[in-house]
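Down below is the structure, laid out as structure tokens.
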Amino acid sequence: MADRVTVIGWDGSPLTAAARAALGATTLVAGAAHHLALPEVPPTAERIRLGSVALAARRIAAHRGTAVVLADGDPGFFGVVRTLRDPEFGLEVEVVPAVSSVAAAFARAGMPWDDAHVVVAHRRTLRRAVNVCRAHTKVAVLTSPGAGPAELGLLLDGIHRTFVICEELGTQREQVTVVTSDKAADHTWRDPNVVIVVGGAVAPGRTAEGGGWIAGRDPGTGPRGWTLPAEEYGGDLGEGETQPLRAAQLARLGPRTGDLVWDIGCGSGAFATESARAGAAVIAVDRDPDACARTVAAARRFGVQLQTVHGTAPHVLENLPEPDVVRIGGGGAAVVSAVADRRPQRIVTHAATRDAAELVGRDLSEHGYDVECALLQSVELDTRHWTEKERSVAFLLSGVLPDRPDRSP
């Protein structure tokens, strides 16, 4: 096993005394090509071109002597330190950090970043990274080949964002470009790069004077409660919509950061807005233009980002990006069948009668979903006289696709 492993971050600035000392004493150096070309790397040291960090870790673990791993930016921030510290390799590491590429990108843009979300985009996580960009006003994306600015722009179709693209930070080829998201696919971008994605309404609770108190989106803004009463949405939730039903639907779907939620038949915009408050990206669909307008107004009021699509399901769903979870507020069995064909992990809907519930449940079962159904009855009381004000009854149906486990971000 290597006697000592030092991980050195590099941001293009001169190496610190501690970094130079570690390099001067090392017998093995791992890094990218531009790291191995640094003049401080001893000519007698064994060199490993860093591709797979796990493979490099195995070679370091088998090395007798001292080892240095060079990495861009802060190697402890979405970097190599996590892999090197895996118990499989038994390595103990010392870290000499540098300025992270995210911090450098925001510095080049002259922007604060305590209110930004930071995501990593690989081919397998690209869609979820895009969903975060849909849902939030400021996101830094650490890209990779095949999951870069062009792919981000293509998948953000219909959502206007501004891209600040920082290529090869810290090198002589460093370049910062500002483009709109729809133009990003028109260029070829050099790796490595970081993309700052900005746009949409500013969330409440963030001001230029005071800033926030927590990095990323402030979870404490807006009214307290997972679901809010009708008064918060103008007093009229529309036919079939009630707060208890909405709470049960949200509980069954569990929208979260990185998800894309379809809300079909968005009505008042309550469900769509509350899914967005949970951090998910949301596409709200309704054939009634007034419903779309109410949904936009609700989202604006609560400072969340969502997209509305005016049209009739199921036809309007054909060109929408793939959902993770779907709430069907209207449209009947034809819409349920069309949604199930797209294979979201979870679907929730409701029916007014048992016969209608059986029809929907049978359709979901035929599409391979595990189906649950519950009869929900709620009674609202006037607490001044403790008399009944309103009674609602609905069959709540949910389907879970067993062969498609919940994705993690």
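Heavy atoms only, 1.4 Å probe, whole protein assembly: order T143, T273 by accessible area, highest first.
Details: T143 30, T273 0 Å².
Result of the area sort, largest leading: T143, T273.
Within a Cβ distance under 10 Å of A30, other residues only, what is the Lys/Arg minus Asp/Glu net charge? Walk me through the numbers before you get to the answer.
On the way: positive: R47, R49, R59; negative: E46.
With Lys, Arg at +1 and Asp, Glu at -1, the net is +2.
Once neighbouring chains are kept in place and the probe is 1.4 Å, which whole percent of the accessible area of the chain is contributed by carbon and sulfur? Intermediate values should be presented prior to the final figure.
On the way: 10350 of 19930 Å².
Percent of accessible area from carbon and sulfur atoms in the chain: 52.
Would you mind checking the tilt of helix 289-302 against the longest principal axis of the Cα atoms of the chain, expressed as 0 to 90 degrees and rounded to 10?
Value to nearest ten degrees: 50.
Below 15 angstrom from the Cβ of R300, what's the summed charge of the other residues (Lys, Arg +1; Asp, Glu -1)?
Neighbour charge sum, excluding R300 itself: +1.
Go ahead and set up a Gaussian network model of the chain, Cα springs under 10 Å, then flag whichever of H367, H187, H385 fluctuates most.
Result for the chain, Cα springs under 10 Å: H385 fluctuates most.
Charges only on Cβ, +1 for Lys and Arg, -1 for Asp and Glu: so what's the dipole of the chain about the Cα centre, in debye to the nearest 20?
Details: 42 positive and 49 negative charges, 195 e Å.
So the dipole magnitude of the chain works out to roughly 940 debye.
Which residues make up the longest stretch of the chain that has no GluC sites (Glu not before Pro) in a DSSP loop with at most 13 other Cβ atoms within 10 Å?
In the chain, the maximal stretch lacking such sites is 93-208.
So who's got an amide H within less than 5 Å of the one on W189, skipping anything under 5 residues away but keeping other chains? H placed 1.01 Å off N, in plane.
Distant-sequence amide H within range of W189: zero hits.
Which angle between 0 and 90 degrees, to the nearest 10, do you get for helix 53-62 versus the longest principal axis of the chain when only C-alpha atoms count?
40
Could you work out which residue, out of A17, A104, A313, moves most in a Gaussian network model of the chain, that is, has the largest mean-square fluctuation with Cα springs under 10 Å?
A17
Which residue, chosen from T227, G332, P244, occupies the Cα position most advanced towards the positive end of the dipole of the chain, where the dipole is computed from +1 (Lys, Arg) and -1 (Asp, Glu) charges on Cβ about the Cα centre?
The listed residue farthest towards the positive side: T227.
Nearest-5 percent of antiparallel DSSP beta bridges in the chain? Write down the numbers at each step before the final one.
Working: 37 of 76 bridges.
Restricted to the chain, the bridges split so that about 50 percent are antiparallel.
Let me spell out the model: positive unit charges on the Cβ of Lys and Arg, negative unit charges on the Cβ of Asp and Glu, origin at the Cα centre of the stretch 30-170. What dipole size does that give, in debye rounded to 20?
Taking the Cα centre of the stretch 30-170 as origin, the dipole is about 460 debye.
Of W226, W113, W386, which has the most accessible area and how do the rest follow, probe 1.4 Å?
Details: W226 230, W113 95, W386 175 Å².
If we order W226, W113, W386 from most to least accessible, we get W226, W386, W113.
With contacts defined as alpha carbon pairs under 8 Å and 6 or more residues apart, what's the relative contact order of the stretch 229-272 in percent?
It rounds to 48 percent for the stretch 229-272.
Over the chain, with the other protein chains present, what is the accessible area per residue in square angstrom, probe 1.4 angstrom? Display every interim value, and only then the final one.
Details: 19930 Å² over 409 residues.
The answer is 49 Å² per residue.
Given springs between every Cα pair under 10 Å in a Gaussian network model of the chain, which of T383, T162, T27 has the largest fluctuation?
In this elastic network of the chain, the residue with the biggest mean-square fluctuation among T383, T162, T27 is T383.
What angle do you read, to the nearest 10 degrees and between 0 and 90, between the alpha-carbon axis of helix 354-366 and the longest principal axis of the chain?
30
Just report the Cα centroid separation between the stretch 274-340 and the stretch 355-384, whole Å.
Between the Cα centre of the stretch 274-340 and that of the stretch 355-384, the gap is 20 Å.
State which stretch of the chain is the longest one without any exposed trypsin sites (Lys or Arg not before Pro), exposure meaning a DSSP loop state and at most 11 other Cβ atoms within 10 Å. All intermediate terms of the calculation are to be shown ahead of the outcome.
Numbers: sites that count: R64, R123, R124, R173, R224, R384.
That gives 225-383 as the longest site-free run.
Which ³J(HN,Hα) values in Hz, rounded to whole numbers, follow from the phi angles of the stretch 7-12 under the Karplus curve 6.51 cos²θ - 1.76 cosθ + 1.60, where θ = phi - 60° and Gly and Pro get x?
9, 10, x, 10, 10, x
Which one of L396, F302, L364 is farthest out on the positive end of the charge dipole of the stretch 281-409, using unit charges on Cβ (Lys, Arg +1; Asp, Glu -1) and the Cα centre as origin?
Of the options given, the answer is F302.
With an 8 Å Cα cut-off and a minimum separation of 6 or more residues, compute the relative contact order for the chain in percent.
Numbers: 842 pairs, mean separation 43.6, N = 409.
Answer for the chain is 11 percent.
Of V120, T137, A105, which is farthest along the charge dipole of the stretch 96-144 in the positive direction, counting Lys and Arg as +1 and Asp and Glu as -1 at C-beta?
V120
Below 14 angstrom from the Cβ of W189, what's the summed charge of the other residues (Lys, Arg +1; Asp, Glu -1)?
-3
To the nearest Å, what is the center-to-center distance of the stretch 211-271 and the stretch 91-161, using C-alpha atoms only?
Using only Cα atoms, the two centres lie 26 Å from each other.
The values are calculated or read from the model by the stated rules, or taken from the named source; none is laboratory data. Here the structure is a predicted model, which is why all the values come from computation and not from measurement. Methodologically, a virtual Cβ is constructed for each residue, glycine included, from the backbone with ideal geometry; neighbour enumeration extends over all protein chains shown. These area figures cover heavy atoms from the full protein model, side chains too; ligands, DNA and RNA do not enter into them. Shrake-Rupley method; radii C 1.70, N 1.55, O 1.52, S 1.80 Å.
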